[in-house]
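Have a look at the structure below, then the notes.
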Amino acid sequence: MSANSLPVPEASPSGENTNVCHSWEVNKALDLLDSNADSGLTSQDVQQRLEKYGDNELEENDGRSSWEILLDQFKNIMLLMLIGVALISGFLDLIAWQAGEFKAGEVPFKDTIAIMAIVILNGILGYVQETRAEQALAALKKMTSPLVRVIRNGKLTELAAKELVPGDVMLLEAGMQIAADGRLIEQSNLQVRESALTGEAEAVSKQANLILPEDTSLGDRLNLVFQGTEVVQGRAKVLVTHTGMRTELGKIATMLQSVENEPTPLQQRMTQLGNVLVTGSLVLVAIVVVGGTIQARGFGNIRELLEVSLSMAVAVVPEGLPAVITVTLALGTQRMVRHNALIRKLPAVETLGSVTTICSDKTGTLTQNKMVVQSVYANNHVFRVTGEGYTPTGDFLLDSQEVSVEDYPEIPALLVASAVCNDAVLQKEKGEWAILGDPTEGALVTVAGKAGIEKDQWNSKLPRIGEFPFDSERKRMSVICQVEEVTTGEASLTAVDPVIAGLIESEPYLMFTKGSPELTLARCTQIHLGNNSAPLSDEQRQQVLAENNQMASQGLRVLGFAYKPLLEIPPEGSDETSEVNLVWLGLIGMLDAPRPEVRVAVQESRNAGIRPIMITGDHQLTARAIAIDLGIAQEGDRVLTGQELQHMTDEELEQQVDLVSIYARVSPEHKLRIVQALQRRGRFVAMTGDGVNDAPALKQADIGIAMGITGTDVSKEASDMVLLDDNFATIVAATKEGRVVYTNIRRFIKYILGSNVGEVLTIASAPLLGLGGVPLTPLQILWMNLVTDGLPALALAVEPPEPDVMKRPPFSPRESIFARGLGSYIIRIGIVFAIITIILMLWAFNHCKIPVEGLDPERWKTMVFTSLCLAQMGHAIAIRSNNKLTIEMNPFSNMFVLGAVVVTTMLQMILIYVPPIRAFFGTHWLPPSELAICFGFSALMFVWIEMEKLFFRLIGKKSV
Ligand code: ATP
């Protein structure tokens, strides 16, 4: 729906239709929305407007109603089979009931009711899981939801996007996702990507001073910005005109598929599992029906065969599995948050464990991002700077002697450039000096302060009237300042600060540029020496580059500075032509110490078969020094630069990609090529990023990781996971959690399915062995699958990581759930399980035939039921480790397993010995001697698994 076709015009506080605000002048817009460009709204205005317009929030909806979500749960093949079983079982009961076959007190349709109850429970659980998972993820996403900067009560404040109201004055800068619709008040180089709204991938340049016809289409309203779109470049001041569902995005929100519904790898594996189980059980049913019919030479026992088939179908479905998986994933997400890794897309929980390569940014992720300037270089002098943190006190040393910077005129000019060409603010917070903004820039304000050059003072001496903002592609930024009080002629220059006077002749404007030293130097033709500029010789260039290399190889992050006197203000967007013929000022090198915990994390990831790679915009020598220090690279390793990469074809890059551990001076677009090359080599890649331009690489990576602290909204939106502390070590910790989650899921699938196969084979064998009757009723099977299997499986889901979890190579995310021996384990253990139970069944059947006063001859069935349950307890204890014997493990390291085994065994006893419950479950009283036999037989299961572990150890095979 377009804005113009809205039935009711959106009224501003003054009653005007704000939908045509693109046709108003800025001042008219401000008047009509009763706001002020400098002081914004007052708290009282905000309160009233919040009441009138509500929170600035979109109502998210994936297009399915609650009923549709619920119905979708029953599209699962295993649940469909259970529904079929319930119906047939009900039909059989109906016949028996009409024939008067039910004994007095016996509940008819018990199995049908129980099965349907389980089906409905599973459906509800799936529904709750789906809606809760979405809600939980939405809540987690909120933790990183965008903050907006607004002017209220005349002060700049940061607040949550949902608190915005029409009339607010909002500030935008590159990387932000725009939180409401608004009219531009002023802007500088503003480029906005509106693909979320218009589908147009190209960024659009916006202009504040346009007045457009009322019927201008949405895509052409160049004086407006819209919610959900992204600021790619520049900055702006915006008057908020629409919030919440009144925004253009809000109007189409109901049509948006904002919640993703792609099946996770686990869901796909579960579908595969369901198909295998259902097919397997149908084949077995066929064998039993055909075998049983041949054996009985006719269809005489068809009803018995039907009952056996129904029991087998119930036995094969792991009814407890969905609940256990839900809990495991939920616990996994929680543990990850505790490690500061916030999952934004659920599949990341399981797939993290499969990561083979981590591509990490350097600044802030591998390093602390606490910059301290160490060296200042100008006119062939290297000054060492002392001092700590962002406190602007320290000395300048030349050859270890303290010096006064005024004696070296290039230094004050360089430091003025570093303070003015800078967006950071240095301020005292609770008695400590801290910065607001980029740490690199903070360090520059600090070092200027050490020489008495205060940013605020210089901002008024040289007010900024234009800029070419920084971006990682350009690797530089420039500001254009007005030189105060300069008119023309020599005389007026006396009013100007001597430092400025040394930079200009009579020009009214000065441009300061800072950026990567090589690139900035390449744009210089002159050099500032003493108080004059002179042509820059090749020899001087070489000297600067040699000093840059010297500083970089010590691991310093080095920036180059230059300036240019200007007669005119350069037009917007003319950076390529304006940032030329600069006058070189000097270099500043700052230390950004590696994070100590990263060294350990790098080692741990290497042990785990995960290769860490550094991808940085910084200089190759700085990158190498830090990579070697952290163990990411070794002396002599190849560093690939962005420039070299630019000249490589995709095939050439693919050849190299396994050999390179450091990519330096790269741009965000190179990151995308690196991920793609790694993926073509079959690597499973996690990639970090923080900028707007990192979004494509984050989306392409198997796990896109955004920075919680320094990351832009756009990068977070594109990511699967957000690092709340921006730390590389957190990625490794999350990877470990991912492995633990997947290992535990495999463990309880092994456990549950091993038992299901055992049950099915036991049930199938009864008619084939001519025992007559089904050993287990559907109700008993449901009990086993839900309680006897479910409780210990839940306990196994919280099994602590095995010590070798980070000492083995990663598993492929594409492998089948049955890979690496899991399928053969399930069949092998299922057969062993069945053999043990069948032997017991045969013995019990014959033993119980001998009449004993007060004992029911049918009690052999209860013995089979009890043995199956108890054998599962032994299985649960033994399966805790794949390789370690139970006696080698601390029995108390997972108290839940012990607890589950004790509780389940007691419940089984209640089923046999408490009369009303016994009647309901159709079990029989067992004398202690027979119960002891059940315990004895069940113990064989535990013994077998322990023997298997010993055997595999002897032949040197590690089961995983
Ligand atoms: P990483 O990619 O590991 O985070 P980085 O911070 O060096 O490394 P970018 O932020 O893309 O990457 O910066 C690239 C280069 O641009 C830096 O090495 C530096 O030379 C230059 N640079 C960084 N910040 C600024 C800035 N605020 N002003 C001017 N130039 C800058």
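Using packing as a proxy for protection, rank 704-711, 886-893 so that the peptide with the highest average count of other Cβ atoms within 10 Å comes first. It would help to have the intermediate numbers written out before the result.
Numbers: 704-711: 24.6, 886-893: 10.6.
With the highest mean Cβ count within 10 Å placed first, the list reads 704-711, 886-893.
Taking amide hydrogens as placed 1.01 Å from N in the peptide plane, the amide H of PHE470 sits under 5 Å from that of no residue at least 5 positions away in sequence or on another chain.
Taking GluC sites (Glu not before Pro) across segment 587-647, the ones in a DSSP loop with at most 15 further Cβ atoms lying within 10 angstrom of their Cβ are GLU635. Under the shape rule built on the C-alpha gyration tensor, where the axes satisfy a ≥ b ≥ c, segment 855-960 is prolate, since a/c reaches at least 1.5 and a/b is greater than b/c. For the chain, dividing the convex hull volume of the Cα atoms by the residue count gives 218 Å³ per residue. Taking only the Cα atoms of segment 675-758, the ratio Rg/Rh comes out at 1.16, with Rh defined as the Kirkwood radius. For segment 620-675, compute Rh as the Kirkwood radius over C-alpha pairs and then the Stokes-Einstein diffusion coefficient at 37 °C and 0.692 mPa s; write the answer in µm²/s, rounded to an integer. After rounding, the answer is 285 µm²/s.
What are the GluC sites (Glu not before Pro) within segment 498-544 that DSSP puts in a loop, where the Cβ has at most 14 other Cβ atoms within 10 Å? Sparse-neighbourhood loop GluC sites (Glu not before Pro): GLU505. Over segment 850-916, one equal point on each Cα, no solvent: what is log10 I(q)/I(0) by the Debye formula at q = 0.11, 0.13 Å⁻¹? Taken in order of the listed q values, log10 I(q)/I(0) reads -0.39, -0.50.
Quote the FRET efficiency, to the nearest 0.05, computed for SER574 versus SER812 with a Förster distance R0 of 45 Å and r equal to the Cβ-Cβ distance.
On the way: r = 51 Å, r/R0 = 1.13.
About 0.30, to the nearest 0.05.
Projecting label points 7 angstrom from Cα along Cα→Cβ for GLU406 and GLU858 puts them 10.8 nm apart. If you wrap segment 679-835 in the convex hull of its Cα atoms and look at it from every side, the mean projected area works out to 12.8 nm². With Cα atoms as the point set, segment 908-954 shows a radius of gyration and Dmax of 15.9, 50 Å.
Label-to-label distance, LEU519 versus TRP843, with points set 7 angstrom from Cα along the beta-carbon direction: 7.9 nm. Phi angles of segment 704-713 translate, via the Karplus equation with coefficients 6.51, -1.76, 1.60 and θ = phi - 60°, into HN-Hα couplings of x, 10, 9, 8, x, 8, 9, x, 7, 4 Hz per residue; Gly and Pro are given as x.
Using the empirical formula 2.2 N^0.38 Å as the baseline, the Cα radius of gyration of segment 146-250 reaches a ratio of 0.97.
Counting each DSSP H run of 4 or more residues in the chain as -39500 (n - 2.57), what helix-only mean residue ellipticity at 222 nm follows after dividing by all residues, to the nearest 500 deg cm²/dmol? Helix contribution divided over all residues of the chain: -14500 deg cm²/dmol.
Look at the alpha carbon pairs under 8 Å that are at least 6 residues apart: their mean separation over the length of segment 709-834 gives a relative contact order of 41 percent. Karplus-derived 3J(HN,Hα) values for segment 22-27, using 6.51 cos²θ - 1.76 cosθ + 1.60 with θ = phi - 60°, are 6, 9, 9, 6, 4, 5 Hz; glycine and proline are entered as x.
Tell me, rounded to the nearest percent, the portion of alpha carbon pairs in segment 371-593 spaced more than 29 Å apart.
On the way: 4933 of 24753 pairs.
Across segment 371-593, Cα pairs with separations above 29 Å total 20 percent.
Tell me, what is the percent relative contact order of the chain, built from C-alpha pairs under 8 Å that lie six or more residues apart?
On the way: 1801 pairs, mean separation 111.0, N = 960.
That works out to 12 percent.
So which helices of the chain fit the span-like rule, where a helix is a whole DSSP H run, its Cα atoms reach 24 Å or more along the axis, and its mean Kyte-Doolittle is at least 1.0?
77-98, 265-295, 822-849, 895-913, 928-954
Dividing the mean sequence gap of close Cα pairs (under 8 Å, 6+ apart) by how many residues segment 371-593 holds gives a relative contact order of 22 percent.
Using a 1.4 Å probe, what is the accessible area per residue for segment 371-593, in Å²?
Values: 9550 Å² over 223 residues.
Ligands and nucleic acids excluded, the result is 43 Å² per residue.
Cβ-Cβ distance of GLU948 and ILE835, R₀ of 22 Å, FRET efficiency by 1/(1 + (r/R0)^6): the value works out to about 0.95.
The values are calculated or read from the model by the stated rules, or taken from the named source; none is laboratory data. All values reported here derive from a predicted model rather than from experimental measurement. Note that each Cβ is placed from the backbone with ideal geometry, even for glycine, and that neighbours are counted across all protein chains shown. Ligands, DNA and RNA are stripped out before the accessible areas are found, and what is left, the full protein with its side chains, is counted by its heavy atoms. Shrake-Rupley method; radii C 1.70, N 1.55, O 1.52, S 1.80 Å.
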